[in-house]
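The values are calculated or read from the model by the stated rules, or taken from the named source; none is laboratory data. All values derive from a computational prediction rather than experimental measurement. Cβ coordinates were reconstructed from backbone atoms using ideal geometry, including for glycine residues, and neighbour counts include every protein chain displayed. In case anyone asks, the SASA skips ligands and DNA or RNA and just uses the protein heavy atoms, side chains included. Shrake-Rupley method; radii C 1.70, N 1.55, O 1.52, S 1.80 Å.
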Amino acid sequence: MAERPEDLNLPNAVITRIIKEALPDGVNVSKEARRAISQAASVFVLYATSCANNFAMKAKRKTLNAADVLAAMEEMEFERFLEPLREALEVYKKGKKEVSDQKRKEKEKKETDNDKSREEEDDEERMEEEPEAENDAEEEEVEN
Amino acid sequence: MMATTVATPVTPTESDQGRSVSEEEPRGNEADEESQQTGPVASVTHSRVSKLPLARIKALMKADPDVSLASQESVFIIAKATELFVEMIAKDSLVYAQQGKRKTLQRKDLDNAIEAIDEFAFLEGTLD
């Protein structure tokens, strides 16, 4: 599926909601403006990814991590994002820990030994081969 | 109650300690209503759920041929950053609408903001 990266739009409803919450009541947004903002958001993702990936490659890492993204934000002159992003990351990490602690407790309640070997099999996933578990039917593998 | 539905384990979280943890990605962030705070209190920082679907963000990231692997955290942070970006560009464009005494944000307001604001320079020539 040779989709242009720019064609991968973010859901209109979500973009609209973010815009509306950012603007004062009584302000409207034209369809064209909304579409352009959505497009701009996609370009932002592409640019930020590319920038972050440069940091990963510089550090000879194959996996892009959160620190790379934060470094990219600084490089792109979006320093104002750094603090809120760091906070969001903390909340995210805490939440993930809670989920995996919970899952572990549940597993221990049931069968232990059988599940342990399964956990160890989880490797890093190559993005190209990654099985998409989400129900996002519209999502296609991008063949490079 | 955990509203986060769990799917198969995906990319492990790349933490600073270099730990490889078996992580399970919250599936379908579109459907995850747990932290969807509405109203003016809705803060980007307090939600560990992204408004933007991580699957779509990841698909965009995959479009870059130089990108091989990305941690779940990095996908999440890019999603959050994109939220902040949308907020920022909407607010900055509004200034131009207000200058024109309009209450409706139009495409030209966006174009003006992109031209005037350094951080948006990367957008020049990219929008239809």
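Each residue in the range B:60-76 was checked for being modelled with pLDDT of 95 or more and assigned to a helix (DSSP H, G or I), and 7 of them qualify.
Based on this model, can you work out whether residue A:94 counts as free of Cβ contacts under 8 Å to residues at least 24 places away in the same chain, open to solvent by 50 Å² or more (accessible area, probe 1.4 Å) and assigned to a helix (DSSP H, G or I)? So residue A:94 passes the test. In the condition set (1) at pLDDT 95 or above; (2) crowded, with 21+ Cβ neighbours inside 10 Å, residue B:48 is compliant with all but (1). Filtering the range B:117-128 to residues that are touching a residue at least 24 places away in the same chain (Cβ under 8 Å) and more than 9 Å from chain A (Cβ to nearest Cβ) leaves only B:117. Within the range A:45-99, the residues that satisfy the criterion of being more than 7 Å from chain B (Cβ to nearest Cβ), closer than 19 Å to residue B:47 by Cβ and over 17 Å from the mean Cα position of the chain (by Cα) are A:80, A:83, A:97, A:98.
Might you let me know whether the range B:89-104 holds any residue that is within 15 Å of the chain's Cα centre (by Cα), modelled with pLDDT of 95 or more, more than 7 Å from chain A (Cβ to nearest Cβ) and closer than 25 Å to residue A:74 by Cβ? No - not one qualifying residue is present in the range B:89-104.
Scanning the range B:109-128 for residues that are in a helix (DSSP H, G or I), within 17 Å of residue A:32 (Cα to Cα) and open to solvent by 50 Å² or more (accessible area, probe 1.4 Å) returns B:111, B:112.
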